[in-house]
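**Student:** Mind looking over this structure? Questions follow.
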Amino acid sequence: MKNLNRILIFLFIVIDGWYVYDHLSRGDMNRLEIALAVIPVLLAPWLIDKVLHYKMSETLKFVYYLFTFACVILGSVLNLYNIPETRCFDKVTHFISGFLTSIVALMVLKYGKVKTEKKWFVPIFIILFSVGIAGIWEFFEYFMDMITGGDTQHALTTGVGDSMDDMLVATLASILFSIYYYYQLHYAKKNQIEMLEKHL
């Protein structure tokens, strides 16, 4: 798994480096801020370790790098978000983000040592946590558009429609995950959630 992570990091650097070189060689300074976004993305696991004293497992790092590669490199750098034939790629990544933020919610409960006897507490927490993260992300995109003059939220063409759709698909994914969590915890013969938590 460590080698796969190294390959993903290598692809991040090579594709992002090509993107910067291509734009600078043509004198095109537009969208170069996207290239800068790769730096905090790659440093995030290291920063989490140093600041929060949480060392991500290689499996968790792989999931993180794979998802951010899809979002940042494929979606933003290679522009799959804005090509008409691949516009649904944005919704797919937001849908997947709903599952990933659900897993993060489990991590928060696990390392926060939150315990409760109420069966629906964890599923509801997962959904609310994911909705909160989706909202924060849309705020971030909004402020970045204000700073850079961009239109990542497609507010100029769809109003709030794109942002609402992004939040809805992420919420749907968290609801599906919560239902799966509840089933695994209370009805499944072999609890797959416990196996998942061992990798967190």
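The values are calculated or read from the model by the stated rules, or taken from the named source; none is laboratory data. In this text the structure is predicted, and so the values were computed from the model without any measurement. Note: ideal-geometry Cβ built from the backbone for every residue, glycine included; neighbour counts use all protein chains shown.
**Student:** Does at least one position in segment 25-34 carry a residue that is of a type in the set (Gly, Ala, Ser), over 25 Å from Leu168 (Cβ atoms) and surrounded by fewer than 19 Cβ atoms within 10 Å (Cβ to Cβ)?
**Tutor:** Just the residues of segment 25-34 that are of a type in the set (Gly, Ala, Ser), to begin with: 25, 27.
Filter once more, so that each one left must be over 25 Å from Leu168 (Cβ atoms): 25, 27.
Among the residues that remain, those that are also surrounded by fewer than 19 Cβ atoms within 10 Å (Cβ to Cβ) are: 25, 27.
Among the residues of segment 25-34, at least one is of a type in the set (Gly, Ala, Ser), over 25 Å from Leu168 (Cβ atoms) and surrounded by fewer than 19 Cβ atoms within 10 Å (Cβ to Cβ), which makes the answer yes.
**Student:** Taking Val108, is it out of contact with any His (no Cβ under 9 Å at 6 or more places or on another chain) and at pLDDT below 85? Even if it seems obvious, please write down each step before you answer.
**Tutor:** On the way: out of contact with any His (no Cβ under 9 Å at 6 or more places or on another chain): yes; at pLDDT below 85: no.
Criteria not met by Val108.
**Student:** Could you give me the residue pairs with C-beta distances under 9 Å whose first residue belongs to segment 45-68 and is outside the structural domain of Val108 (by TED's automatic domain parsing), whose second residue is of a type in the set (Ser, Thr, Tyr) and exposed (fewer than 15 other Cβ atoms within 10 Å of the Cβ) wherever it lies, and which are 6+ apart or on separate chains?
**Tutor:** Ile48/Tyr54; Tyr54/Tyr111
**Student:** Another question about this same structure. If you take the residues in segment 148-174 that are among the hydrophobic types (A, V, I, L, M, F, W, C) and surrounded by 17 or more Cβ atoms within 10 Å (Cβ to Cβ), which one is modelled with the lowest pLDDT?
**Tutor:** Met167
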